[in-house]
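Colleague: Questions regarding the structure given below will be posed in turn.
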Amino acid sequence: MALMEKYGDTFKLANQIGLKNPDVKEEGGKIRISGQTEYQADANRLWDSIKTHAGWENEIVADIQAQRKDVFGVHTVASGETLSKIAKTYLGDGSRYMEIFNANKDQLSDPDKIKVGQKLTIPGH
């Protein structure tokens, strides 16, 4: 299987995220990828996708940079989520939920009342 096909899901994700200034080349048995995401969370998602493929360490050379350093990412609230669960996912600790609440005071008045579909800013950490 050609490397470009093998990592097709990663390229699809890069398109969904909107990787800016993408440069993708296959040469010398490796894929070289560079580009920019708006948020670090999206750069991390691309890396996570790359790492799902066996042998990625010898097949990928990537330079994916986040443009914004003030915000880690934006999360769209799904059914059943809480700020604590979102904080655990992005910040590694559910007790840090107030950091997300404070970053979203423009749309939240109570940390226990978030709504499906809301787009919450995840602060840099």
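We did not get these values from a lab; they are worked out from the coordinates using the rules stated. All values reported here derive from a predicted model rather than from experimental measurement. Neighbour counts are summed over all protein chains in view; Cβ atoms, including those assigned to glycine, are modelled from backbone coordinates with ideal geometry.
Colleague: With an 8 Å Cα cut-off and a minimum separation of 6 or more residues, compute the relative contact order for the range 53-125 in percent. Spell out each step's value before the answer.
Modeller: On the way: 85 pairs, mean separation 29.9, N = 73.
Relative contact order, the range 53-125: 41 percent.
Colleague: Over 22 Å between Cα atoms, which of Lys30/Lys51; Lys25/Lys51; Lys88/Lys119; Lys85/Lys105; Lys12/Lys85; Lys6/Lys51 qualify? Mind dumping the intermediate values first?
Modeller: Details: Lys30/Lys51 14 Å; Lys25/Lys51 18 Å; Lys88/Lys119 17 Å; Lys85/Lys105 18 Å; Lys12/Lys85 27 Å; Lys6/Lys51 12 Å.
Check vs 22 Å cut-off fails for Lys12/Lys85.
Colleague: Once label points are set 7 Å from the Cα along Cα→Cβ at both Asn15 and Lys51, what is their separation, rounded to one decimal in nm?
Modeller: Result for the modelled spin labels: 2.6 nm.
Colleague: Hey, could you get me the Stokes-Einstein D for the chain, Kirkwood radius over alpha-carbon pairs, 4 °C and 1.567 mPa s, rounded to whole µm² s⁻¹? Don't jump to the answer; show the numbers that get you there.
Modeller: Values: Rh = 15.9 Å.
The estimated diffusion coefficient comes to 81 µm²/s.
Colleague: Taking the C-alpha atoms of the range 3-66, how large are the radius of gyration and the largest Cα-Cα span, Dmax, in Å?
Modeller: Spelled out, the Cα radius of gyration and Dmax of the range 3-66 are 10.7, 30 Å.
Colleague: For the chain, give the magnitude of the charge dipole about the Cα centre (Cβ charges: +1 Lys/Arg, -1 Asp/Glu; no others), in debye to the nearest 20. Walk me through the intermediate numbers first.
Modeller: On the way: 17 positive and 18 negative charges, 47 e Å.
Using only the charged Cβ atoms, the result is roughly 220 debye.
Colleague: For Val74, which sequence-distant residues (separation of 5 or more, or a different chain) have an amide H within less than 5 Å of its own amide H, given hydrogens modelled in the peptide plane?
Modeller: When sequence neighbours closer than 5 places are left aside, the close amide H contacts are Ile122.
Colleague: Then there is this: List the trypsin sites (Lys or Arg not before Pro) within the range 42-125 that DSSP assigns to loop and that have no more than 10 neighbouring Cβ atoms inside 10 Å. Present the calculation step by step, with values, prior to reporting the outcome.
Modeller: Working: sites: Arg45, Lys51, Arg68, Lys69, Lys85, Lys88, Arg96, Lys105, Lys113, Lys115, Lys119; in loops: Lys51, Arg68, Lys69, Lys105, Lys113, Lys115.
Answer in residue order: Lys69, Lys105, Lys113, Lys115.
Colleague: Turning to a different aspect of this structure: Would you kindly state how much longer the chain becomes between Asp110 and Ser95 on full extension, computed as 0.36 nm times their sequence separation minus their alpha carbon distance, in nm to one decimal?
Modeller: Numbers: separation 15, 0.36 × 15 = 5.40 nm, distance 1.55 nm.
Result for the pair: 3.9 nm of gain on full extension.
Colleague: Using only the alpha carbon atoms of the range 71-123, find the Kirkwood hydrodynamic radius as the inverse mean reciprocal pair distance, in angstroms to one decimal. Numbers along the way, then the final one.
Modeller: Values: mean 1/r = 0.0941 Å⁻¹.
10.6 Å is the Kirkwood radius here.
Colleague: Nearest 500 deg cm²/dmol is fine: what mean residue ellipticity at 222 nm does the chain get from its DSSP H runs of n ≥ 4 alone, each adding -39,500 (n - 2.57), divided by its residue count? Don't skip to the answer; put the middle values down first.
Modeller: Values: 6 runs with 45 residues, N = 125.
Dividing the helical sum by the residues of the chain leaves -9500 deg cm²/dmol.
Colleague: Multiply the residue separation of Thr76 and Lys30 by 0.36 nm, subtract the distance between their alpha-carbon atoms, and state the gained length in nm to one decimal.
Modeller: On the way: separation 46, 0.36 × 46 = 16.56 nm, distance 3.45 nm.
Extra length from Thr76 to Lys30 when fully extended: 13.1 nm.
Colleague: Before anything else, pin down the relative contact order of the chain: Cα pairs under 8 Å, at least 6 apart, normalised by residue count, whole percent. Spell out each step's value before the answer.
Modeller: Values: 187 pairs, mean separation 27.2, N = 125.
Dividing the mean separation by the residue count of the chain yields 22 percent.
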